[in-house]
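**Q** Sharing a structure, written as structure tokens. Questions coming.
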Amino acid sequence: MSGPTDPPSWRASLADVQQRGGAVQLIGLSVDALPTGRQYRVRLLACEAEHIVVAKPRYRRDDPGLKPGQGLAIRGGDDGQWWEGATEVIQSEHYQLNRRKRVSALRLSFPQYVGSAQRRSFYRVEMDDLSLHQAYLSAAAPPIEDVCHVKRSYPARLLNISGGGVSLEAPCSASELLARYDWLWCELTLPTEPAPLMLPCRVVRLQMRPDGTYKIGLKYELPDEPFAHRIVDQVCRFTAWAQRRKLQLRHSQMAG
């Protein structure tokens, strides 16, 4: 990826937002890292080595507020160069804004797993720390037909995923499948969903590695709006969960 995905770029963007008194967007996540529907636009007060400080939101009457340990998605940027990442509430505090003024604020962990949001409104989450999720590939022909026509399937390892597509690593044994078909079924079993997802996809990138395995980029080809919305919602639930899980793993490694 390019733009804000590169650490120097998005960090410079974050610092610029703080210097001009700008705001970032916070999106509340549940314990299972699913979006709660609560969103807050808050002023960015400070950027430190391990934390950022934002103005405390004005909560609605029915909003329980943001407590320590609350997982959040964070989004920021400007001029069309948007980035998204994961953070967590550390504590509430009175922040010394200047010599005369203190304001109610939230101290958050420094954003992690930051990716570009300029091309899509979805998180793309790398699976480097999460090796539990495997996929299966099988042939399809356009237009995508009923799943009952699927014959042999090939295992593949999930590399990254977003609401728009997936990247996979496939074994040498899938060479004939990949040589003959540009349209594939991708079966994913995700911990946030009760049943496997069967995703109709088109191959948009294919790279053979020196060891004979393949790196594949797939774009979802979703046939109708109700089905498309349901699939995107299910995938985005998983990406939110995965971001939260990666943050928890990082914290446990630092504590251990």
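**Q** So if I check each of Ala117, Ala105, Ala140, which one is modelled with pLDDT of 75 or more and among the aliphatic types (A, V, I, L, M)?
**A** Answer to the check: Ala105.
**Q** Using the structure shown, decide if Thr213 is within 20 Å of the chain's Cα centre (by Cα) and among the hydroxyl-bearing types (Ser, Thr, Tyr).
**A** Judged against the criteria, Thr213 is not a match.
**Q** Out of curiosity, is Gln234 touching a Ser or Thr at 6+ places or on another chain (Cβ under 9 Å), among the polar types (S, T, N, Q) and not assigned by TED's automatic domain parsing to the domain that holds Gly71?
**A** Yes, satisfied.
**Q** Restricting attention to strands (runs of 3 or more DSSP E) lying wholly within segment 175-246, give those where 2 or more residues are more than 30 Å from Pro111 (Cβ to Cβ).
**A** Output list reads 183-188, 197-208.
**Q** Next question. Residue check: is Ala46 modelled with pLDDT of 80 or more and small (Gly, Ala, Ser)?
**A** yes
**Q** I've got another one for you. Suppose we keep only residues that are without any contact (Cβ under 8 Å) to a residue 24 or more places away in the chain and in contact with a Gly (Cβ under 7 Å, 6 or more places away or on another chain) within segment 41-68. Which one would you say is nearest to Asp16 (Cα to Cα)?
**A** Among them, the one singled out is Arg43.
**Q** Name the residue that is nearest to the chain's Cα centre (by Cα), counting only residues in segment 83-114 that are closer than 15 Å to Gln25 by Cα and part of a loop (DSSP other than H, G, I, E, B).
**A** If we take residues in segment 83-114 being closer than 15 Å to Gln25 by Cα and part of a loop (DSSP other than H, G, I, E, B), then Pro111 is nearest to the chain's Cα centre (by Cα).
The values are calculated or read from the model by the stated rules, or taken from the named source; none is laboratory data. Keep in mind that what you see is a predicted model, and the values were worked out from it rather than measured. In this analysis, Cβ positions are derived from the backbone assuming ideal geometry, glycine residues included, and neighbour counts consider all displayed protein chains.
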